[in-house]
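Each remark here refers to the structure printed beneath this line.
The values are calculated or read from the model by the stated rules, or taken from the named source; none is laboratory data. Since we're looking at a predicted model, the values are computed, not measured. Cβ: placed from backbone, ideal geometry, glycine included. Neighbour counts: every protein chain shown.
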Amino acid sequence: MVIARTPMRISFLGGGTDYPDYYLRRGGMTLATGIDKYTFITAKHLPWYFDHKIKVHYSTLERCDSLDELRHPSVRECLRHMGIDREIEIHYAGDLPARTGMGSSSSFTVCLLHALHALQGKFINNAELARLAVNLEQNVMQERVGSQDQYAAALGGLRLLKFNQNGSVEHQPLVMPQARVDELQDQLMLFYTGLTRTAHEVLEDQMAKTKSGALDEDLSKLGDLVPRAVDVLCSDRSLNEFGELLHLGWEIKRGLSDQIASDQIGDWYSTARQAGAIGGKLLGAGGGGCLLFFVPRESQANVRQALQNLCEIPVRFDHVGSTIVYADLN
């Protein structure tokens with residue numbers, strides 16, 4: 001039996017430039033971090049004498065005799081990739097609900113691939129794990145996902161991710177004193193809106209515009225915010241500047257599609273700003289999920305009171321990435 005643990009992620013800036021339809025033409029970059037909210041997957045061999053060959057526990061329980069019968073696309077294609085088509089049992093548990101904009105689907109794929117490699121006694125480095133997850137999600141499952149979530153989940157840490165026109169991905173960790181990291185973490189507030197959505201639903205309009213090139217100017221502006229944010233973080237300048245860049249990103253991102261932020265989400269954002277948040281963003285593709293704000297310590301009580309109807313989620317950075325926490329291959 002193997003147990004794997006993989007972080008979910010927060011994407012601060014540059015989201016949208018990590019889609020191949022954009023970065024293979026113009027290059028892209030994002031700033032993202034793994035967080036201390038995790039996907040856990042247990043994988044074990046299923047004894048031959050059960051009356052089914054494959055058993056998968058998630059929000060649904062699936063028992064079947066062939067991969068083609070599996071309804072969960074990530075489980076089905078990860079097992080197919082690993083050459084496993086029988087005598088396998090998989091259990092999923094997560095620290096956050098699905099469809100919250102925290103990269104849970106890619107965290108799941110990365111975690112499952114890690115667990116299955118370990119179950120077969122195979123080592124895979126975390127960068128290769130991310131690359132493999134990107135390929136399976138984008139090219140095999142045909143999911144509308146970018147390329148940042150898999151790297152943030154697999155590698156952890158606060159990272160500058162560069163997506164090159166030749167398809168390669170660079171993943172550079174930000175080197176910052178721990179006191180600076182703590183200062184940043186202490187001024188982030190995360191709220192769950194209770195609204196769930198699938199990236200497919202929200203991204204249809206945005207991806208059509210991305211493919212046509214209609215969003216190139218706005219996406220370029222979003223990408224340009226990333227090195228500016230890195231400069232702020234890796235200096236002794238006020239972190240309030242980072243919050244201001246988040247707000248600029250929010251204003252640009254809302255213009256990409258009318259599906260990204262509803263009137264209700266816009267009202268919550270404005271309320272937080274009026275209460276003292278400097279900037280923020282809606283995590284993920286949009287339409288629901290979690291709102292992240294940069295809030296100076298002295299304003300956090302006001303923001304918390306203003307958004308009292310939302311669920312605040314305490315969050316810190318993960319610095320480990322995907323890992324095997326237990327393995328018994330006997």
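Take segment 149-180 and flag every residue that is in contact with a Phe, Trp or Tyr (Cβ under 8 Å, 6 or more places away or on another chain) and within 30 Å of Asp267 (Cα to Cα).
Leu158
Looking at segment 177-193, can you tell me whether even one residue there is more than 30 Å from Arg304 (Cβ to Cβ) and of a type in the set (Asp, Glu)? I'd like the intermediate steps shown before the answer.
So in segment 177-193, the residues more than 30 Å from Arg304 (Cβ to Cβ) come out as none.
Looking through segment 177-193, none of the residues is more than 30 Å from Arg304 (Cβ to Cβ) and of a type in the set (Asp, Glu).
Here is a yes/no grid of residues against (1) within 28 Å of Tyr38 (Cα to Cα); (2) of a type in the set (Phe, Trp, Tyr):
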| site | (1), (2) |
| --- | --- |
| Phe242 | yes, yes |
| Asp267 | no, no |
| Gly276 | no, no |
| Gly280 | yes, no |
| Phe293 | yes, yes |
| Ser299 | no, no |
| Arg304 | yes, no |
| Arg316 | yes, no |
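Among (1) among the aliphatic types (A, V, I, L, M); (2) assigned to a helix (DSSP H, G or I); (3) over 17 Å from the mean Cα position of the chain (by Cα); (4) more than 25 Å from Ala277 (Cβ to Cβ), where does Val181 come up short?
For Val181, the exception is condition (4).
Here's the yes/no breakdown for (1) modelled with pLDDT of 95 or more; (2) of a type in the set (D, E, K, R); (3) under 30 Å from Thr193 (Cα atoms):
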site: Glu89; (1), (2), (3): yes, yes, no
site: Leu112; (1), (2), (3): yes, no, yes
site: Leu116; (1), (2), (3): yes, no, no
site: Lys122; (1), (2), (3): yes, yes, no
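Name every residue in segment 20-37 that is surrounded by fewer than 24 Cβ atoms within 10 Å (Cβ to Cβ) and within 22 Å of Phe108 (Cα to Cα), in order of residue number.
Within segment 20-37, Pro20, Asp36, Lys37 qualify.
Can you spot a residue in segment 286-298 that is at negative phi and either among the hydroxyl-bearing types (Ser, Thr, Tyr) or free of Cβ contacts under 8 Å to residues at least 60 places away in the same chain (or both)?
yes
Rundown of residues vs (1) over 19 Å from Leu132 (Cβ atoms); (2) within 17 Å of the chain's Cα centre (by Cα), yes/no style:
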site: Gly28; (1), (2): yes, yes
site: Ala32; (1), (2): no, yes
site: Asp36; (1), (2): yes, yes
site: Leu67; (1), (2): no, no
site: Met82; (1), (2): no, no
site: Gly103; (1), (2): no, yes
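Quick check on this structure: which one of Thr39, Thr17 is in a strand (DSSP E or B) and hydroxyl-bearing (Ser, Thr, Tyr)? Reasoning before the result, please.
On the way: Thr17 fails: in a strand (DSSP E or B).
Answer to the check: Thr39.
Check segment 271-285 and report whether any residue there is over 24 Å from Val232 (Cβ atoms), touching a helix residue (DSSP H, G or I) at 6+ places or on another chain (Cβ under 9 Å) and at pLDDT below 95.
Within segment 271-285 (the criterion being over 24 Å from Val232 (Cβ atoms), touching a helix residue (DSSP H, G or I) at 6+ places or on another chain (Cβ under 9 Å) and at pLDDT below 95), the answer is yes, since at least one residue qualifies.
Among the residues of segment 194-224, which ones are at pLDDT 90 or above and of a type in the set (Ser, Thr, Tyr)?
Of everything in segment 194-224, just one residue is at pLDDT 90 or above and of a type in the set (Ser, Thr, Tyr), namely Ser220.
Out of all the residues in segment 38-59, is one or more within 30 Å of Asp218 (Cα to Cα) and either modelled with pLDDT under 95 or in contact with a Leu (Cβ under 6 Å, 6 or more places away or on another chain) (or both)?
To start, the set of residues in segment 38-59 that are within 30 Å of Asp218 (Cα to Cα) comprises none.
No, that holds for no residue.
For segment 242-257, state whether one or more residues are buried (at least 20 other Cβ atoms within 10 Å of the Cβ), among the basic types (Lys, Arg) and either at pLDDT 95 or above or closer than 13 Å to Phe12 by Cα (or both).
For segment 242-257, residues buried (at least 20 other Cβ atoms within 10 Å of the Cβ), among the basic types (Lys, Arg) and either at pLDDT 95 or above or closer than 13 Å to Phe12 by Cα (or both): present.
For Phe294, indicate whether it is at pLDDT 90 or above and either β-branched (Val, Ile, Thr) or buried (at least 22 other Cβ atoms within 10 Å of the Cβ) (or both). Before the answer, list the steps.
Values: at pLDDT 90 or above: yes; either β-branched (Val, Ile, Thr) or buried (at least 22 other Cβ atoms within 10 Å of the Cβ) (or both): yes.
So Phe294 passes the test.
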